[in-house]
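Encoded as structure tokens, the structure appears first; notes follow it.
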Amino acid sequence: MAEVLLGVCGSAACFKAVALASALTQEGHGVQVIQTRAATRLVAPLQFRCVTGRPALTDEWNPADAGGMDHIRLARRAELFVVAPASAHTLARLAQGMGGDLLASTALAFDPARPRFFAPAMNPVMWAQAPVQRNVALLEGDGWRRLGPAEGPTACGEDGPGRMLEPEAILETLRPYLAPPC
């Protein structure tokens with residue numbers, strides 16, 4: 001089965017990332033979660049450990065990795081990278097090639113020939129902003145595949161595009177990339 005990196009950003013949709021990590025693990029895939037600092041304020045890293053059997057990584061400067069090379073090791077080991085939910089902030093950083101935390105540094109070290117996905121999650125007005133759309137276009141031009149967003153009620157109580165796709169829909173899109181080679 002596949003080795004998957006799941007980047008989780010600060011968004012009210014973080015709970016969907018837990019469900020996605022659980023579903024991937026239940027299908028037999030290895031799932032390594034990387035959370036941004038904002039994501040840890042919404043879902044505790046322990047929750048991801050409970051569903052994946054692996055500690056969620058949150059710090060680029062892991063004391064156990066004296067060489068500071070976790071991002072390289074993670075990027076080389078995984079076959080697929082998914083950022084879900086993907087916040088406007090992280091989309092901007094990925095589009096501009098900015099590191100600065102474990103998720104972004106790992107994304108920069110991940111081979112662009114391998115599948116990379118992002119599932120936006122934000123307020124509909126934020127999603128419609130020209131800078132966000134420019135960053136999405138840059139990412140897609142660089143080979144990232146967009147998963148959504150869906151239209152509907154968002155956590156802020158507004159309705160429109162910006163809602164993260166449901167974990168089942170994301171998993172359905174990922175399955176062809178997760179299948180073992182024939």
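The values are calculated or read from the model by the stated rules, or taken from the named source; none is laboratory data. Please read these numbers as outputs of a predicted model, since none were measured by experiment. Backbone-built Cβ (ideal geometry, glycine too); neighbour counts: all protein chains shown. Side chains are part of the model used for accessible areas, which takes the heavy atoms of the whole protein and leaves out ligands, DNA and RNA. Shrake-Rupley method; radii C 1.70, N 1.55, O 1.52, S 1.80 Å.
The calculated FRET efficiency for the pair Arg54 and Glu140, based on their C-beta separation and a Förster distance of 45 Å, comes to about 0.90. Taking 0.36 nm per residue of separation and subtracting the Cα-Cα distance, full extension of the segment from Arg37 to Glu151 would add 38.3 nm.
For Gln133, project a label point 7 Å along Cα to C-beta. Then give me every residue of region 80-121 with its amide nitrogen under 17 Å of that point. Correct set: 88, 92, 120-121. Structural descriptor for region 41-182: relative contact order 20 percent, calculated from alpha carbon pairs under 8 angstrom and at least 6 residues apart. Using only the Cα atoms of region 94-162, build the gyration tensor, take square roots of its eigenvalues as a ≥ b ≥ c, and label the shape rounded, prolate or oblate: rounded if a/c is under 1.5, else prolate if a/b is larger than b/c, else oblate. Verdict is prolate for region 94-162.
Dividing the radius of gyration of the alpha carbons in region 1-156 by their Kirkwood radius gives 0.94 for Rg/Rh. A 1.4 Å probe run over the protein chains yields, for region 1-157, 44 Å² of accessible area per residue, whole-number rounding.
Could you state the number of Å between the C-alpha centres of region 80-145 and region 19-44? Here the two parts' Cα centres lie 17 Å apart. Summing Lys and Arg as +1 and Asp and Glu as -1 over all other residues whose Cβ lies under 9 Å from the Cβ of Glu3 gives a net charge of 0. When the solvent-accessible area of the chain is split by element, carbon and sulfur atoms take up 56 percent of it, the probe being 1.4 Å. Of Ile72, Ile34, the residue with the largest accessible area leads and the full order is Ile72, Ile34 (1.4 Å probe).
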